[in-house]
Amino acid sequence: MARRILAVAALGLVVTLGSAACGTDRSASDARSVACRTSQLDWKMTRLLGKHPDGGAATLSAENNGPKSCAFDGYPDIDVHIGKGPAADGKPKRGAAPVHVELHPGHTVEFPLFYEATAAPGDGCEVSAAYDPSITVVPPHTKDGSSVRMTDAKGRHVRAQVCDFDIEVGAPQLR
């Protein structure tokens, strides 16, 4: 009788494990990463000088400094503002495709930014560099953001200037 109980228990275990294995056809790498959070990202905004092939005025980059991979499911929110006064906000570039980017620890994602950085003669800029505007960036699917300083290519602080109300955010590139 004891052998029969042991055999039935062993057979039950084999059936349970077998059915569990058959139900999982995804590997661990197929699992979606959690959304990137402000605490695991190191943001930088670099002003670009001169004419660039993509026409961007600046590049916004985020490095994953956390211990785990995370995902960008969408575009970051960008706000360039002078106190409670004038502001320019980021939005995806017209015709931009949806974004899903897996960002592994130590890797960087870059977004080109398109906006007018210089005013036409006789016009003023909505967000003038004369007031050293503040820049806030918020990752997709979060509410907490980070303050970011604009720099030149050598990492020196430069004042942001946006001569329009909108900053268009282009398609991301992994680096």
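Values quoted throughout were computed directly from the atomic coordinates according to the rules given, and no laboratory measurement underlies them. Just so it is clear, the structure is predicted and the values come from calculations on it, not from any experiment. Cβ coordinates were reconstructed from backbone atoms using ideal geometry, including for glycine residues, and neighbour counts include every protein chain displayed.
Here's a check for you: in the stretch 150-163, which residue that is surrounded by 15 or more Cβ atoms within 10 Å (Cβ to Cβ) and of a type outside the set (Ser, Thr, Tyr) is nearest to residue 35 (Cα to Cα)? For the stretch 150-163, the residue satisfying everything is 150.
Considering the stretch 83-113, the residues that are surrounded by fewer than 18 Cβ atoms within 10 Å (Cβ to Cβ) and hydrophobic (A, V, I, L, M, F, W, C) include one that is farthest from the chain's Cα centre (by Cα), namely 87.
Taking each residue of the stretch 147-175 that is without any contact (Cβ under 8 Å) to a residue 12 or more places away in the chain and looking for partners that are assigned to a loop (DSSP other than H, G, I, E, B) with beta-carbon atoms closer than 7 Å, six or more apart or interchain, yields 157/149. With respect to the conditions (1) over 23 Å from residue 34 (Cα atoms); (2) out of contact with any Pro (no Cβ under 8 Å at 6 or more places or on another chain), residue 81 lacks only one, and its number is (2). Every test in (1) touching a residue at least 60 places away in the same chain (Cβ under 8 Å); (2) loosely packed, with under 13 Cβ neighbours inside 10 Å; (3) outside any loop (DSSP other than H, G, I, E, B) is passed by residue 130 save one, and that test is (1). If you go through the stretch 159-175 and keep only what is assigned to a loop (DSSP other than H, G, I, E, B) and under 18 Å from residue 42 (Cα atoms), you end up with 172, 175. Within the stretch 114-151, the set of residues being over 21 Å from residue 76 (Cβ atoms) and of a type outside the set (Val, Ile, Thr) comprises 119, 120, 121, 122, 123, 124, 125, 128, 129, 130, 131, 132.
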